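What follows is a set of notes on a single structure, which appears directly below.
The values are calculated or read from the model by the stated rules, or taken from the named source; none is laboratory data. Here the structure is a predicted model, which is why all the values come from computation and not from measurement. Here the Cβ is made from the backbone with ideal geometry for all residues, glycine too, and neighbour counts use every protein chain on show.
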Amino acid sequence: MPMPCTKKSLHPMQIITTPNDIQSWAIAARNQNQRIGFVPTMGYLHEGHCSLLKTARQHCDQLVLSIFVNPTQFGPNEDFDRYPKNWEGDLDRAKTCGVDIVFHPDAEGMYPTSDKPNPIEDRVHTWINALHTNGSHDLLHQLCGQFRPGHFQGVATVVAKLFDMVQPHTAYFGEKDYQQLQVIHRMVDDLHVPVEIKGCPIVREADGLAMSSRNTYLSITDRKRALCLYQAIQTAQRLITNGCTNPLRITQAAMECVQSATDRIDYVTLCDAKTLTPLHTWQAPSVLAIAAWIGTTRLIDNVIFP
C-alpha cells in the first residue's frame, strides 16, 4: 500500500458521479477561494498515480481524482473492453493519498445526446482537434500518433471536458505519457485554458520497469522481457554521459536493446522535447521515447535529457 501523505484532507472523501454535480461543487469551492488540484486517471491506481496525488495534495486545498476509462481514446482493436479495473482498491489508495473528491462519471454522462446512437464516437458533437501545426511540427503525427489514429483527439477532448467540469487551478500528469503531456500543454496554450499543467517524473518498479496499469497484462516471462525498455534507456544515458552526441548512434544502441526481447517495435526515437520531431543533430532538451510490444501488450517509456 502507498505511504500516507503528510498533508491530509480536512473532510471525508466524497464520490461524485455526474458532470453537473462536480461543476456545482467546483464553483462552490472556488467561491470559497479554495485552490483545486486535479489528477485525471483511468483508474487501476498504482504508485505512479499516487505520486501525482501526493504532489498535488501538498499544493491545493481540494484534491480531485477522476476515474474514467475514456472510450474515445481507444482504437477499434485496442483494449477498452479489458482495461483493468479495481474500484475498491482505487478508493483505498485515494483515501490514503488524501483525496477530497473522486469524480467517477459514466460514458453517458461524459458524452450525452438525446438519442444516444452507437458507437459512442457518434455521440461526440464537438472534438478538440485543433492541435495541428504546419509541416513536421505536428504533435498528433509524431510517436504514438502514427500508430494510434484518433487517440490524442480523444485524449484532448476528454481532458477539455474534465477541465470544464472540475475547474482545477492545477492539473498533474505523469511524464511516462510524455506525448500526451505535450498535447495537453499545447491544447491549454492554444485555447487559453486557465489551468496550470504540471508534469511529474516517471515512477518505476525496483527493477526499473515504468509503472503502468497495463503491466498487469504481462506474464512472469513477459514481465522480465519488458525490462528491455529500461535497459535501452540506461544504454542511452551511458552514451550521453560518456560524451556521445550522435542521435543515430544513441538511437541504434537503444534499438538493439529493445529488439532483443520484444515482439514488435513501434518506435525508438530521440526527439526534440517540445515538438517531438526526430533529431538529426544533438540538441537539448531532448527525449528518447520508446513504444514496443511484449506479446499483446503495448508498453511505452522515455527519458528526458535536459
Point to revise | Every residue from the range 261-285 that is in a strand (DSSP E or B) and either in the same structural domain as GLU78 (by TED's automatic domain parsing) or free of Cβ contacts under 8 Å to residues at least 24 places away in the same chain (or both) | key: ASP272
Check your understanding: Any residue at all in the range 206-217 that is outside the structural domain of ILE294 (by TED's automatic domain parsing), out of contact with any Lys or Arg (no Cβ under 9 Å at 6 or more places or on another chain) and free of Cβ contacts under 8 Å to residues at least 12 places away in the same chain?
Key -> yes
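Would you check if there is a residue in the range 184-191 being within 15 Å of the chain's Cα centre (by Cα), basic (Lys, Arg) and modelled with pLDDT under 95? Talk me through it step by step, then tell me what you get.
Just the residues of the range 184-191 that are within 15 Å of the chain's Cα centre (by Cα), to begin with: 184-187.
Restricting the remaining residues to those that are basic (Lys, Arg) gives 186.
So of that shortlist, the ones also modelled with pLDDT under 95 come out as 186.
Yes, the range 184-191 contains at least one residue that is within 15 Å of the chain's Cα centre (by Cα), basic (Lys, Arg) and modelled with pLDDT under 95.
Can ASP92 be described as among the charged types (D, E, K, R), more than 18 Å from LEU162 (Cβ to Cβ) and either free of Cβ contacts under 8 Å to residues at least 40 places away in the same chain or touching a helix residue (DSSP H, G or I) at 6+ places or on another chain (Cβ under 8 Å) (or both)? Let's see the steps before the verdict.
Working: among the charged types (D, E, K, R): yes; more than 18 Å from LEU162 (Cβ to Cβ): yes; either free of Cβ contacts under 8 Å to residues at least 40 places away in the same chain or touching a helix residue (DSSP H, G or I) at 6+ places or on another chain (Cβ under 8 Å) (or both): no.
Considered against the rule, which asks whether it is among the charged types (D, E, K, R), more than 18 Å from LEU162 (Cβ to Cβ) and either free of Cβ contacts under 8 Å to residues at least 40 places away in the same chain or touching a helix residue (DSSP H, G or I) at 6+ places or on another chain (Cβ under 8 Å) (or both), ASP92 comes out as no.
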Point to revise | Subset of the range 27-38 [in a helix (DSSP H, G or I) and closer than 13 Å to CYS60 by Cα] | key: ALA29, ARG30
Study note, to complete from the structure: Within the range 57-81, residues being surrounded by fewer than 21 Cβ atoms within 10 Å (Cβ to Cβ), under 18 Å from the mean Cα position of the chain (by Cα) and outside any loop (DSSP other than H, G, I, E, B) number 2
Practice item. Could you grab me the full set of residues in the range 122-132 that are under 16 Å from ALA160 (Cβ atoms) and either outside any loop (DSSP other than H, G, I, E, B) or at pLDDT 70 or above (or both)? Key: ARG123, VAL124, HIS125, THR126, TRP127, ILE128, ASN129
Exercise for review: Check the range 89-103 and report whether any residue there is at pLDDT 95 or above, among the small types (Gly, Ala, Ser) and under 22 Å from PRO168 (Cβ atoms).
Suggested key: yes
Exercise for review: Consider only pairs whose beta carbons are under 9 Å apart and that are at least six residues apart or on different chains; among these, list those whose first residue lies in the range 4-28 and is at pLDDT 75 or above and whose second residue is hydroxyl-bearing (Ser, Thr, Tyr).
Suggested key: ILE22/SER66
Check your understanding: How many of the residues in the range 287-299 are over 13 Å from GLN182 (Cβ atoms) and either in contact with a Pro (Cβ under 7 Å, 6 or more places away or on another chain) or in a strand (DSSP E or B) (or both)?
Key -> 9
**Study point:** The listed residue being under 24 Å from TRP25 (Cβ atoms) and buried (at least 23 other Cβ atoms within 10 Å of the Cβ), out of VAL183, VAL166
**Key:** VAL166
Exercise for review: Please specify each residue of the range 265-296 satisfying the condition of being touching a Lys or Arg at 6+ places or on another chain (Cβ under 6 Å) and crowded, with 18+ Cβ neighbours inside 10 Å.
Suggested key: ILE294
Exercise for review: Considering only the range 104-121, state which residues are crowded, with 16+ Cβ neighbours inside 10 Å and either among the polar types (S, T, N, Q) or at pLDDT 80 or above (or both).
Suggested key: HIS104, PRO105, GLY109, MET110, TYR111
Study note, to complete from the structure: Result of the Cβ filter at 7 Å on the range 151-169, keeping first residues that are over 13 Å from ILE197 (Cβ atoms) and partners that are among the charged types (D, E, K, R), at least 6 apart or interchain, is GLN167/ARG30
Check your understanding: Can we say VAL166 is assigned by TED's automatic domain parsing to the domain that holds ARG57, within 13 Å of VAL39 (Cα to Cα) and among the aliphatic types (A, V, I, L, M)?
Key -> yes
